[in-house]
Amino acid sequence: WLAEQGCNEVQLEAGARLTGAFLAHGLVDEWLLYQAPVLLGKGLGLAEPIAAMAQPGAAQQSWSDAQGLRLLVSWGGLDASDVNEGDSVAINGACMTVIRPDEHGFAVDISRESLNRTVGLDVPGPVNLEKALRWSDRLGGHLVSGHVDAVATVVAVESRDESVGLTVRVPAELSAFVTEKGSVALHGVSLTVNQLRDYDSGTDIDINLIPHTWNHTTLRSCRPGDGLNLEVDPMARQMARLLERLQVRQTGGQRV
């Protein structure tokens with residue numbers, strides 16, 4: 001029928017199964033790639049079962065504490081049957097490389113730079129754990145890279161009927177990258193910004209935690225003053241950098 005109407009091509013936007021069927025039958029002549037408002041990365045920010053960090057220790061015998069740590073992490077309730085040495089996992093939102101996995105857990109070597117830019121990775125305690133995303137996985141949250149931008153500070157935690165309201169202070173240097181109804185990752189959990197308020201010292205963002213998120217992540221232990229690993233929308237950062245460089249070019253190398 002389409003051919004009779006003079007249509008000799010169609011644009012298909014579909015999931016892995018339908019797209020794979022078109023490919024298998026040789027019906028795809030051209031790929032069109034669109035860059036979405038978020039950058040494809042390590043995972044979805046959907047925290048899986050809470051794991052426990054058994055203990056931090058020296059990353060290697062040759063490493064000193066000033067250089068880094070080796071972290072030992074239990075799997076918790078996470079199905080790790082498909083996780084191998086060298087795979088990526090997110091621990092409280094920070095992307096790490098799995099080493100020496102077994103049925104009980106795994107280890108990661110974390111550098112001093114990563115320790116300086118994150119919280120909650122240098123002491124024993126519960127952590128949010130997430131495996132890396134496969135292209136064939138269901139996309140149920142916003143995509144995050146596992147690269148922590150800064151540590152945000154919890155301002156307030158309050159009960160709201162069946163949910164919990166969380167207010168977090170985003171550092172001023174990242175204020176431009178958060179927006180109402182946009183997404184952020186806190187300790188690796190994908191969350192939606194409901195409201196925000198700008199101040200000289202930063203931006204306060206209001207987030208609503210549904211019971212499932214509250215009960216199944218380490219966010220339930222948040223208290224005012226606590227730090228949370230923050231990842232902003234990486235596409236917003238990329239666009240800001242692009243615009244900055246375009247302005248420099250247009251002004252003959254002078255910043256405006």
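Restricting attention to the range 107-149, which residues are at pLDDT below 85, surrounded by 17 or more Cβ atoms within 10 Å (Cβ to Cβ) and hydroxyl-bearing (S, T, Y)?
S145 - this is the single residue of the range 107-149 that is at pLDDT below 85, surrounded by 17 or more Cβ atoms within 10 Å (Cβ to Cβ) and hydroxyl-bearing (S, T, Y).
Out of everything in the range 165-185 that is among the β-branched types (V, I, T) and at pLDDT below 95, what residue ends up being farthest from G225 (Cα to Cα)? Can you show your working first?
Looking only at the range 165-185, we keep the residues that are among the β-branched types (V, I, T), and these are 167-168, 170, 178-179, 184.
From what's left, at pLDDT below 95: 178-179, 184.
Working: V178: 20, T179: 22, V184: 19 Å.
Looking at residues that are among the β-branched types (V, I, T) and at pLDDT below 95, I get T179.
Which residue pairs have Cβ atoms closer than 6 Å, lie 6 or more positions apart in sequence or on different chains, and pair a first residue in the range 223-244 that is part of a helix (DSSP H, G or I) with a second residue that is polar (S, T, N, Q) and modelled with pLDDT of 80 or more?
So the pair list comes out as P234/S145.
Restricting to the range 167-179, what's the tally of residues that are within 14 Å of R197 (Cβ to Cβ), crowded, with 16+ Cβ neighbours inside 10 Å and of a type in the set (A, V, I, L, M, F, W, C)?
So the count comes out to 3.
Within the set of pairs 6+ apart or on separate chains, which have a first residue in the range 96-116 that is in a helix (DSSP H, G or I), a second that is among the small types (G, A, S), and C-beta atoms under 6 Å apart?
Taking only residues 6 or more apart or on different chains, the pairs are R112/G68.
Just wondering, is there one or more residues in the range 1-8 that are of a type in the set (A, V, I, L, M, F, W, C), at pLDDT below 70, within 26 Å of the chain's Cα centre (by Cα) and more than 20 Å from W135 (Cα to Cα)?
From the range 1-8, those of a type in the set (A, V, I, L, M, F, W, C) are 1-3, 7; that's our starting set.
Restricting the remaining residues to those that are at pLDDT below 70 gives 1-3.
Subsequent filtering for residues that are within 26 Å of the chain's Cα centre (by Cα) retains none.
Checked the range 1-8: no residue is of a type in the set (A, V, I, L, M, F, W, C), at pLDDT below 70, within 26 Å of the chain's Cα centre (by Cα) and more than 20 Å from W135 (Cα to Cα).
Being closer than 11 Å to F177 by Cβ and out of contact with any His (no Cβ under 9 Å at 6 or more places or on another chain) is the filter; apply it to the range 206-238 and report the residue that is surrounded by the most Cβ atoms within 10 Å (Cβ to Cβ). Break it down stepwise before answering.
Looking only at the range 206-238, we keep the residues that are closer than 11 Å to F177 by Cβ, and these are 230-238.
If we keep only those that are out of contact with any His (no Cβ under 9 Å at 6 or more places or on another chain) too, we end up with 232, 235-238.
Values: V232: 22, M235: 16, A236: 18, R237: 17, Q238: 12.
Applying the filter and picking the extreme gives V232.
Out of all the residues in the range 180-205, which are surrounded by fewer than 19 Cβ atoms within 10 Å (Cβ to Cβ) and under 18 Å from T118 (Cα atoms)?
None - no residue of the range 180-205 is surrounded by fewer than 19 Cβ atoms within 10 Å (Cβ to Cβ) and under 18 Å from T118 (Cα atoms), so the list stays empty.
The values are calculated or read from the model by the stated rules, or taken from the named source; none is laboratory data. Treat the numbers as computed from the prediction; the structure is a model and nothing was measured. FYI the Cβ positions are ideal-geometry reconstructions off the backbone, even for glycines, and counts take in every protein chain you see.
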